[in-house]
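Worksheet: the structure to be examined is printed underneath.
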Amino acid sequence: MYANLGLVEKNLKIGDLLDHDYYFNNPNKYTLSYEEQLYLKNTPKIKVHNESNWAPFNFIKNNKPTGFSIDYMNLLASKLGIQIEYISGFSWDEYLEKLKNNEIDVMLNISKTSQREEFFNFTSSYIESIDTVFVKSNVNNFKSLNDFKGKKLAVLKGFYEEDLLKELYPEIKLVFVENSLDGLKKILFNEADGFFDNLMVANYFMKNNLISNIKPAFEIKDKNFNLDLRIATNKSNTILRDILEKGKSLITEEEILELKRKWIDSKEEKNSPEITLTKNEKKYLQKKEIITMCVDPDWEPFEKINENKEHEGIAADLINLISKKLNIEIKLIPTKTWDETLEFSKNKKCDILSFLNETPKRKEWLNFTIPIFEDPNVIIARNEFENAASLLELQNRTIAIPKGTAMYEFFEKDFPNLKIIPVDSENEAFSLVENRKVDMTVRSLIIAAYTIQKENLFNLKIVDKPLKYKNQLRIGVLKEETILVNILNKTIKTITKEDQEDIINNHLSIKIPQNNEYIHIFIYTIIFIVLLTLLIIFWNYQLRKRIEIEIEKNNEQQNIMFQQNKQAELGNLIGNISHQWRDSLTKIGYINLNLRARLLQNKEIPKEFLNKSTLEIEKSLDFMSETMQNFLDYYKPSSNIYEFEVYDSIVSALSIIDTKIKNSNLHIEFLGDFDVKIKGIRNEWMQVWINLIINSINISILRDIKNPQIEITLSKNEIIFEDNCGRIEENLLEKINEEKYTGIGIKMAKEIANKNNQQMIILNSKKGAIFKFVKQTN
């Protein structure tokens with residue numbers, strides 16, 4: 001970032017700043033023998049296995065390797081000064097085969113068995129865990145593996161327990177699954193009587209998938225089962241195992257504890273307040289067996305009914321927590337609208353309504369629990385809307401409110417000066433404000449923040465926070481079910497603020513702490529954002545001025561056709577960059593919105609959140625800076641002929657039209673030698689790459705290609721662009737090759753190629769067109 005801003009030289013090497021003697025006298029170096037150091041020098045990257053779904057140890061989240069084992073391996077790599085390449089996308093059995101065949105170097109979280117020792121070397125363990133068998137919560141007849149004789153037990157395919165169970169407990173019927181979630185589902189859907197898994201892994205999946213009616217039945221005490229997690233290498237690669245073992249000794253106990261705190265330590269249920277039910281209440285639940293529930297089908301992020309007719313959202317997670325605490329099923333009765341939900345409730349088709357405010361009308365047929373969740377309501381309007389001291393001062397203003405809601409009932413009574421426009425959903429209300437069809441809407445602060453972020457409605461603002469209309473969301477219970485209100489109240493009291501915070505964080509990027517000690521941090525952050533905005537405005541002005549200067553210089557260049565083509569594309573390219581910058585500014589704006597939401601709720605801003613926010617802002621600025629620099633490098637006229645890396649120049653060109661590429665769903669894959677160089681004027685060649693990419697995009701749109709692709713193959717003697725957008729018509733291909741074609745993009749690409757001792761050849765393949773640049777020989 002600082003290089004792009006011109007604060008340091010771009011070619012500055014960080015090694016020049018390091019003390020030479022310190023680097024070579026680092027005591028960690030002496031832990032490795034000369035042969036081991038030589039091995040690392042000759043092995044620039046270690047290939048390490050990364051599973052898709054074995055949380056919290058080894059899994060993929062947001063397309064990145066993550067988990068305890070991944071963090072441990074990264075820490076180990078940093079101690080040894082080695083680079084890691086994670087290999088993803090294979091099953092456990094496939095990874096074992098890859099390690100046997102030396103296609104990968106390392107497997108993580110693997111247990112040592114006599115069978116595996118034939119093929120692999122193992123480090124000492126880096127974490128111990130507990131093997132457990134899980135069953136349904138109402139099942140109590142399984143105390144050991146012997147009780148599973150003749151029963152179905154789900155196990156992870158390829159894991160070490162598979163072989164041991166076959167050998168030691170042959171009478172158990174094994175049901176093989178690919179991952180822990182599938183194993184838990186086998187129990188839920190009565191396809192297995194139990195599931196053998198790591199305690200921490202299964203607990204992680206139950207917590208994150210809100211599975212409430214499964215429990216650990218017993219710990220595996222058999223000494224043959226010992227799930228100590230280790231690192232494995234190929235049997236022939238003893239030197240790497242020894243290097244990793246030495247690296248393990250450099251990891252401190254404090255670092256291990258920090259990893260455990262991050263991934264494993266969790267709030268135990270025993271620390272939650274106890275629910276004390278009377279005999280009558282327990283008897284009621286035993287007789288009831290199932291509580292039926294209706295919900296708002298379209299009230300994100302609080303709740304909704306998804307396409308599979310499942311309850312989702314903050315309310316769903318809270319209800320599932322209550323269900324788990326009471327050990328009773330709460331069954332969803334699907335509805336299509338909120339009005340239908342209210343009708344179902346009035347007609348006693350469901351025992352409870354999940355998440356609503358108490359109002360006089362609703363009290364006619366419902367009793368209400370204590371609040372399960374609180375959140376202020378705010379008034380949302382467009383940025384140009386004038387502020388008023390009170391809503392009562394506004395005359396003949398329109399406000400969109402979903403019909404049947406508590407706010408509709410309150411505003412209809414308290415604000416006769418406002419014209420209420422009834423709508424069917426939150427999204428419809430926001431859309432009417434966005435499109436200037438109504439002046440404002442009233443909504444929960446959390447819903448406002450969620451919708452503004454999701455729909456990118458950053459031309460809206462909060463104009464008022466009427467304290468009287470705070471959301472105190474409760475569970476509504478049919479008046480006939482009086483005892484159920486008492487049971488639910490007792491359960492709600494056991495839900496901690498931490499529980500609520502965890503649930504909210506699953507649905508929003510806002511974390512809500514509990515006091516306002518850090519308001520001054522918010523003030524500093526706002527000052528920072530204001531300065532940042534001014535910097536961006538100045539930056540944009542400078543960019544435009546520099547472009548104008550470059551245009552004047554370009555007109556003086558000898559190659560008029562090349563510069564005219566650049567100017568013709570200028571508007572499109574600036575449009576692309578503007579869109580890319582808008583995405584970054586949207587992210588920065590959302591961070592600001594989160595901070596404003598905290599201030600309005602009088603909540604603290606923890607340092608961890610602030611650090612994360614500033615890092616996100618810096619990443620966005622870095623991206624904007626790099627995009628601008630690539631554009632200026634491309635647009636700046638130059639007559640400097642030198643050797644440059646083809647791959648880097650193509651990547652720079654792609655960054656300029658990144659938005660166009662994403663919008664067209666174009667996939668670009670690089671093959672071959674990424675270090676290939678070509679001689680010429682770099683920004684001229686960038687124009688060639690841009691022309692070829694845009695040509696493929698335009699053809700893919702014209703021909704409605706579903707998944708357009710370009711393969712770019714780089715080698716010493718040729719550069720090949722091949723797309724799958726269909727063949728070039730034969731008569732047109734003849735004109736191009738006979739130099740009779742007048743299209744400026746192709747013509748210019750050929751002239752630039754010829755000028756730089758390259759021949760541009762255009763061919764058809766089975767799936768599309770090929771543009772090949774071949775080095776000419778004298």
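Read the figures in this text as sums done on the coordinates, not as results from a lab. Treat the numbers as computed from the prediction; the structure is a model and nothing was measured. When we count neighbours, we look across all protein chains shown, and the Cβ atoms used for this are built from the backbone with ideal geometry, even at glycine.
With the convex hull constructed from alpha-carbon coordinates only, segment 291-360 shows a mean projected area of 4.7 nm² over all directions. What is the P(r) of segment 377-469, as percent of Cα-Cα pairs per 5 Å bin from 0? Percent of Cα pairs in each bin: 3, 14, 29, 30, 18, 6, 1. Taking 0.36 nm per residue of separation and subtracting the current Cα-Cα distance, fully stretching the chain between residue 85 and residue 437 would add 121.4 nm. Kirkwood analysis of the Cα pair distances in segment 642-775 returns a hydrodynamic radius of 15.0 Å. When peptides 107-116, 682-691 are sorted by average Cβ neighbour count within 10 Å, with the highest value leading, the order is 682-691, 107-116. Normalised by 2.2 N^0.38 Å, where N counts its residues, the alpha-carbon radius of gyration of segment 130-226 equals 0.96.
Listing 642, 86 from fewest to most neighbouring C-beta atoms within 10 Å gives 642, 86.
With a threshold of 21 Å on the Cα-Cα distance, the over-threshold entries among 45/772; 47/98; 304/361; 166/207; 61/325 are 45/772; 304/361; 166/207; 61/325.
Couplings for segment 114-127, taken from phi via the Karplus curve 6.51 cos²θ - 1.76 cosθ + 1.60 with θ = phi - 60°, read 5, 5, 6, 5, 5, 10, 10, 9, 10, 7, 5, 5, 10, 6 Hz in order; Gly and Pro are left as x. When 657, 617, 380, 736 are sorted by how many other C-beta atoms sit within 10 angstrom of their C-beta, beginning with the fewest, the order is 736, 617, 657, 380. If the chain linking residue 37 and residue 171 were pulled fully straight, counting 0.36 nm for each residue of separation and taking away their Cα-Cα distance, it would gain 43.2 nm.
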